[in-house]
Amino acid sequence: MKKKLLLTVFFCFSIYLLAQVGINQPNPNLSADLELGSTNKSLLLNRVPNPGVVKNPINGMVIYDVSEQCVKAYQGGAWSKCFWKDNPNFALTCGSAVFSPATATQGQLYNGTLTIPYTGGDGSAYPGQTVQANGLTATLAPGTFAVGPGTLQFTVTGYPISSGSAVFSITVNGSTCSAISLPVNPGTPVIPTNITIEGRYFIASIYDQDYSPFTLPTGPATTARPVAADGINDTLVDLQGIIPTSGLTVYIPATATGSGTVGAWSQTINIPANLTEDGISRNITLSWNSQSYNASTKSITATLKSEVGTLNARKLDVNAGIGNDYLGVLLGRFVLPNSGAQKGYEVRIIAAIPDRMFNEPDVQGNFNHNFLYLPVQGEDNNVWLNHNLGADYTDINSPNFNLGQKATSSSDYRAYGSLFQWGRRPDAHELIKWTGPNNGTPVNGITGTKSDVPANPLFIAVGGDWRVNPNSNLWDNSTSTNNPCPIGFKVPTRAQLSSYLDANVINGSSGASSNKLGLTVPGIRDAGQGTLSSIYTGQQGFYWSSSTDAVANPAAYVLQIPTFGTANTTSGSTKSQGNSVRCIKE
């Protein structure tokens, strides 16, 4: 009996070892035999009196040498010296540091090196590092010290922000050079003094099957996964956020007080392996071409891309990957060449999908769009947002904020959301403060003046098209200028709404709320009066498509959810009417 039991245990253990193993990590990296996932514990290596006690060592062994109080590895047939242990005899020769080229010019690309001699090297390994100053980035790749004197070489690149000098403070192996200075000649700034550029880009990257109920975060976001909500499985949310080598078009918020030209610019930064899902460190580049601007410019157009291979952002757990600042996890930060104080452009991972205007001011400078959404797979196998744009459940400033909460019924007003005029950007004209199934108040008032680019968030109550010059392409896709949906999502076409109906017949409003999308019946905001309809609110829902009606112009198609009967997409709605928007992944 004992022999049989031992055989069974050995057989199971062997099968287990053939796969990747995770400790506190349910989805270990496919390239690793073992991955640890704890966020408050560490790996404790074997602690040996000295390397000599290890019999028959082979290359690849790692130990902690108690005698020298450091980590060592067996490599090349011998035990290494201490990893990254300060050497008291080591010293940087700061006065002999040399830049090549010897000078840089403000606003012009500098590609060069910084060489720093040292003495007292002991042949041990040293880690890489990155240091920034005045728009320049100095990067030291990992390497091994020489025995005795040697040199360290940093690559230095970037666009100097201001003339004068770029002063670097560099510490290696406990020795510091506090003021290595590169002269910077006067030149034309990349970003003139009358415009300031800064902002952030969010990548939604999620893997979670237990996120409801969502617990309001009390600390910074982390990459911990999994983090249990209530221990009961929810629908799996699996979304891989990426930065492709082909690049993404991003719009960096700008504040201008005059006109001029922003010069061409680029910067490359490294993303460490622990912030990628596949465990591969990547370099990413932010760049833009020279472009003009004026006092009304709100952003400049840039490209964000990954070098060599696609960057697969670390997938986050919803209850760990948002943070109490709702900014997620910092993936990397570019230092922008603004004149004067340095400002940055952050690339962040977040465990939810941020609204198109998340943490960005509207046309009046107010921050009214701090909404977060989850993806959900509909009956048509397409990926949609789990709520209408602007739903109370998605508002991080609302006491009802709950990412995993689905509409409890078609008249659950906390899931009603915003009412958009067709083709208009999310400039706050659409915001509604709902107080009950049949009651709500628009956040902003109305105007009778048409405008192609409204300078205020007033609802344009004119009864037809809110624009002076009709345009049927304003919501064509995810990159359309006025697209109200998050990055990578768009307003569905009429055909996509029809496809959803074909996959899931909606019989009246009660049937609509029970489907995977949990559609609700907010009604409309009247095209001519700008008031919420007392007839439709709480009774019927009207969901915009991106498709217009060429015959009944100015009109666009809507998915109408009536009180009774089958929903359809054949009805048209005048473009200045306020209707709901549910976004689909492009």
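Quote the FRET efficiency, to the nearest 0.05, computed for Ser266 versus Ala228 with a Förster distance R0 of 45 Å and r equal to the Cβ-Cβ distance.
That gives a FRET efficiency of 0.60.
Roughly what would the spin-label model give for Ser259 and Asn27, points 7 Å off Cα along C-beta, in nm?
5.0
May I ask you to evaluate 6.51 cos²θ - 1.76 cosθ + 1.60, the Karplus curve with θ = phi - 60°, for each residue of region 303-313 and list the ³J(HN,Hα) values in order in whole Hz, giving x for glycine and proline?
10, 10, 9, 9, 8, 6, x, 4, 8, 9, 5
Could you tell me the relative contact order of the chain? Use alpha-carbon pairs under 8 Å, at least six residues apart, and round to a whole percent.
9
Multiply the residue gap between Thr144 and Ser281 by 0.36 nm, knock off their C-alpha separation, and tell me the result in nm, one decimal place.
Net length gain for the segment: 47.3 nm.
Specify which residue in the list Trp288, Tyr74, Trp384 is farthest towards the positive end of the charge dipole of the chain, using unit charges on the beta carbon of Lys, Arg (+1) and Asp, Glu (-1), about the Cα centre.
Of Trp288, Tyr74, Trp384, it is Tyr74.
For region 378-586, rounded, prolate or oblate, judged on the Cα gyration tensor with a ≥ b ≥ c (square roots of eigenvalues), a/c < 1.5 rounded, else prolate if a/b > b/c?
rounded
Can you compute the FRET efficiency between Ser67 and Lys41 using 1/(1 + (r/R0)^6), with r the Cβ-Cβ distance and R0 = 22 Å? Round to the nearest 0.05.
0.30
Could you please rank His429, His369, placing first whichever residue has the fewest other Cβ atoms within 10 Å of its Cβ?
Fewest to most other Cβ atoms nearby, the residues stand as His369, His429.
Given labels modelled 7 Å from the Cα in the Cβ direction, how far is it in nm from Gln342 to Ala495?
Each label point is offset 7 Å from its Cα along the Cβ direction, giving 5.0 nm.
Could you calculate the contour length gain from Asn469 to Thr130, that is, 0.36 nm times the residue separation minus the distance between their Cα atoms, to one decimal place in nm?
116.9 nm
Please sort 257-264, 299-306, 167-174 by packing, taking for each peptide the average over its residues of neighbouring beta carbons within 10 angstrom, highest first.
Averaged packing, sorted descending, gives the order 299-306, 167-174, 257-264.
Subtract the Cα-Cα distance of Thr188 and Gln108 from 0.36 nm times their separation in residues, and report this length gain in nm to one decimal.
My answer for the length gained is 28.0 nm.
If we count other beta carbons within 10 Å of each Cβ, what is the order of Leu140, Leu92, Leu331, fewest first?
Leu140, Leu92, Leu331
Compute the long axis of helix 494-503 from its Cα atoms, compare it with the longest principal axis of the Cα atoms of the chain, and write down the angle in degrees, 0 to 90, nearest 10.
Long axis of 494-503 versus the principal axis of the chain: about 90 degrees.
Can you put Cys82, Cys583 in order, fewest other beta carbons within 10 Å first?
Listed from fewest to most nearby Cβ atoms, that is Cys82, Cys583.
Report D for region 127-217 in µm² per second (integer): Stokes-Einstein, Kirkwood Rh on Cα pairs, 37 °C, 0.692 mPa s.
Result for D is 189 µm²/s.
Given a Förster radius of 22 Å and the C-beta distance between Asn400 and Gln364 as r, what FRET efficiency does 1/(1 + (r/R0)^6) yield to the nearest 0.05?
Calculated value: 0.35.
Extending each Cα 7 Å along its Cβ direction at Asp238 and Thr215, get the distance between those two points in nm, one decimal.
Label-label distance for Asp238 and Thr215, simple model: 2.6 nm.
Just report the Cα centroid separation between region 277-356 and region 32-64, whole Å.
36
No lab work stands behind these numbers, since they all come straight from the coordinates. None of the values given here were measured: they were computed from a predicted structure. Positions of Cβ are backbone-derived with ideal geometry, glycine not excepted, and every protein chain shown enters the neighbour counts.
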